[in-house]
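Below: one structure, written as structure tokens.
The values are calculated or read from the model by the stated rules, or taken from the named source; none is laboratory data. What you see is a predicted model, and the numbers here were worked out from it, not measured in a lab. Here the Cβ positions follow ideal geometry from the backbone for every residue, glycine too, while neighbour counts run over all protein chains shown.
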Amino acid sequence: MVSEKMKALGVKKSVIREIFEYAKVRKAEIGAENVFDYSIGNPSVPSPDIVKETLTTLLTEKDPAWLHGYTSAQGDAGVRKAIANYLNETYGAGVSENLIYLTVGAAAALTISLNAVLADGANEEVIVFAPFFPEYKVFIEKAGGKLVTVPCKEPDFQIDFDAFAKALSPKTKAVIINSPNNPTGVVLSEETIRKLSEILAEAEKTYGHPIYLIADEPYRELVYGDIEVPYLTKFYNDTIVCYSFSKSLSLPGERIGYVLVSPKAEDANSVYAAILGAGRALGFVCAPSLFQYLIPSCLGKTSDISVYETNRNLLYQNLTNYGYTCASPDGAFYLFVKALEEDAYAFCERAKQYELLLVPSDDFGFPGYVRIAYCVTTEQIKRSLPAFEALATSYKQH
Ligand code: PLP
């Protein structure tokens, strides 16, 4: 006998992975250049040079026993200090290295945070705004919580505050936000964050316990134009930031990120102790040491994100010209496009006839749309435009 829950998770691949696998097969059949694979959020631009330079220096100049050895569970003290300094200088975030915990990417930051804040056996609720990163459901349920979804407003995919206020309950323990957003690319404005914070602070008073605002931030730096992503600790006390270097430095396979507990959180030291405990119970030991030591020289640096901006502009302008509608894509590297028929799966099947591999939005908790991950070459975008146009035309003819 094995765990049926775990088996089910292992057997049923995510829809993104299924399409990603299909893409591999199709590319082998007809040539990679003829398949327009928009399935997965794997950064397409190389890491900035500083990554290679720092890794080379570390590997050639440092004692291997130190470099590859265990660090303390919460991460190297010097690295945590560098992160805190950077956040305080850049955002005036008012954070402390003693409340930073280095993790195996944002995914681990999220699972650790959820396991830390959800009380044992209490079936507490975690509110997420749909559409949302599908793994939230897996992470919340594994931590013993209950997922409560609040659909965003169409067509701008901002928070529906009336629906949010109704979703709050005495059981609400946490709210996850993800801005810039996967899958919509939408960025939450400062005004939105202020309003969200006010409602949450009021709910904390009403229910008499902290409600943690968990900010999932793998896309923080990926914004285009003069858009700003507000730093949460400045607006709401019970904030936990789950950050990742996967996308900003194009290092998703290296698995490095952190959890940060706001010093203003009620009983911040207990929350941090629970973070340490959750990391321990989940068997993380410590984040990859080589990549911890890389961080100080890379803070504030990114891969060349102008490529994503070019891709976004090309896709957004052309797709809207062809008659598609989509959320305003200010950040990340996703477009969330309304399917041209009600069933997004059927739409994706039809798109495959044009070799366009798109992800139906059902697993993101918001049916009727598709996600386009435009972290691909600009060349692919250009070559795929006639396919998008032909797909739209095919709906006009029937
Ligand atoms: N959260 C969101 C919204 C994501 O899109 C991803 C990855 O795509 C993650 C978390 C996980 O990121 P990481 O690679 O840092 O674990």
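Summary table below
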{"quantity": "Criterion violated by Leu58 - all others in (1) over 21 Å from the mean Cα position of the chain (by Cα); (2) modelled with pLDDT under 95; (3) not polar (S, T, N, Q) satisfied", "calculated": "(2)"}
{"quantity": "Failed item, numbered, when Gly75 is tested on (1) part of a helix (DSSP H, G or I); (2) of a type outside the set (S, T, N, Q); (3) within 16 Å of the ligand (Cβ to nearest atom)", "calculated": "(1)"}
{"quantity": "Of all residues in segment 153-185 being in a loop (DSSP other than H, G, I, E, B), of a type in the set (Asp, Glu) and free of Cβ contacts under 8 Å to residues at least 60 places away in the same chain, the one that is surrounded by the fewest Cβ atoms within 10 Å (Cβ to Cβ)", "calculated": "Glu154"}
{"quantity": "Selection status of Leu102, of a type in the set (A, V, I, L, M, F, W, C), over 13 Å from Ala174 (Cβ atoms), assigned to a strand (DSSP E or B) and touching a residue at least 60 places away in the same chain (Cβ under 8 Å)", "calculated": "yes"}
{"quantity": "Members of segment 105-131 found to be assigned to a helix (DSSP H, G or I) and away from the ligand (no atom under 16 Å from the Cβ), listed by number", "calculated": "Ala116, Val117"}
{"quantity": "Qualifying residue in segment 269-288 (condition: within 19 Å of Ser72 (Cα to Cα), among the aromatic types (Phe, Trp, Tyr) and in a loop (DSSP other than H, G, I, E, B))", "calculated": "yes"}
{"quantity": "Candidate set: segment 340-375, residues that are surrounded by 20 or more Cβ atoms within 10 Å (Cβ to Cβ) and of a type in the set (Phe, Trp, Tyr); chosen: the one farthest from Gln397 (Cα to Cα)", "calculated": "Phe364"}
{"quantity": "Residue check for Lys264: over 12 Å from the mean Cα position of the chain (by Cα), part of a loop (DSSP other than H, G, I, E, B) and among the charged types (D, E, K, R)", "calculated": "yes"}
{"quantity": "Hits in segment 339-372 - residues which are of a type in the set (D, E, K, R) and under 21 Å from the mean Cα position of the chain (by Cα)", "calculated": "Asp362, Asp363, Arg371"}
{"quantity": "Lone unmet requirement of (1) part of a helix (DSSP H, G or I); (2) touching a helix residue (DSSP H, G or I) at 6+ places or on another chain (Cβ under 6 Å); (3) within 16 Å of the ligand (Cβ to nearest atom) for Ile240", "calculated": "(1)"}
